[in-house]
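A quick write-up on the structure given underneath.
The values are calculated or read from the model by the stated rules, or taken from the named source; none is laboratory data. Values in this document were obtained by computation on a predicted structure and should not be read as measured data. Every residue, glycine as well, gets a Cβ built from its backbone with ideal geometry; the counts of neighbours run over all protein chains shown. Side chains included, ligands, DNA and RNA excluded: accessible areas come from the protein's heavy atoms. Shrake-Rupley method; radii C 1.70, N 1.55, O 1.52, S 1.80 Å.
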Amino acid sequence: MDNANEMKLELNSIAQNESFARIVVAAFMSTTNPTLEEVLDVKTAVSEAVTNSIIHGYERGVGKIEIYARVVDRSLYLEITDYGRGIDNVEKAMEPLYTTKPEQDRSGMGFSFMEAMMNKIEVISKPEKGTKVKMWKEIGEESHLLD
């Protein structure tokens, strides 16, 4: 048996739940003894993924966002899933400054921020089925931004 710890959270895709999601994941990862910078990195990545689900996944409707987190030793794995409109072209969506909502002053940097804050991200999406963002963070490693 490994020393893994897991949690699942389901919440409505409303703006008020973005900060709640960040806090829950930050509290959950506390067993890894992260630095403040590592906590802020993860909170930013979670915020971007949840906000994408709210703004793009469900647009003006309300749906469910699921957050799954797993910690093994000092490794954090996250999945943030919505069942909204999905992404037509994931590769294009992950390009810096690309946005489908310029009229809402969206910067198009969400995926770029997630990539910068985490060790690895993977995005799986199907149009009209939803999107799953998988993210990994090794706690206690030298910052990957300095590579």
So how many residues does the range 7-42 have that are among the charged types (D, E, K, R) and closer than 26 Å to Val62 by Cβ? 4
Is it the case that Leu76 is under 24 Å from Ala4 (Cα atoms) and without any contact (Cβ under 8 Å) to a residue 12 or more places away in the chain? no
Counting only residues that are at pLDDT below 90, on the phi > 0 side of the Ramachandran plot and open to solvent by 30 Å² or more (accessible area, probe 1.4 Å), which one in the range 70-108 is farthest from the chain's Cα centre (by Cα)? Asp105
Looking at (1) modelled with pLDDT of 90 or more; (2) within 11 Å of the chain's Cα centre (by Cα); (3) hydrophobic (A, V, I, L, M, F, W, C), can you tell me which one Phe113 breaks? (1)
Per the filter on the range 12-28, residues surrounded by fewer than 18 Cβ atoms within 10 Å (Cβ to Cβ), aliphatic (A, V, I, L, M) and assigned to a helix (DSSP H, G or I) are Ile23, Val24, Ala26, Ala27
Here the residues within the range 29-40 that are open to solvent by 20 Å² or more (accessible area, probe 1.4 Å) and not hydrophobic (A, V, I, L, M, F, W, C) are Ser30, Thr31, Asn33, Pro34, Thr35, Glu37
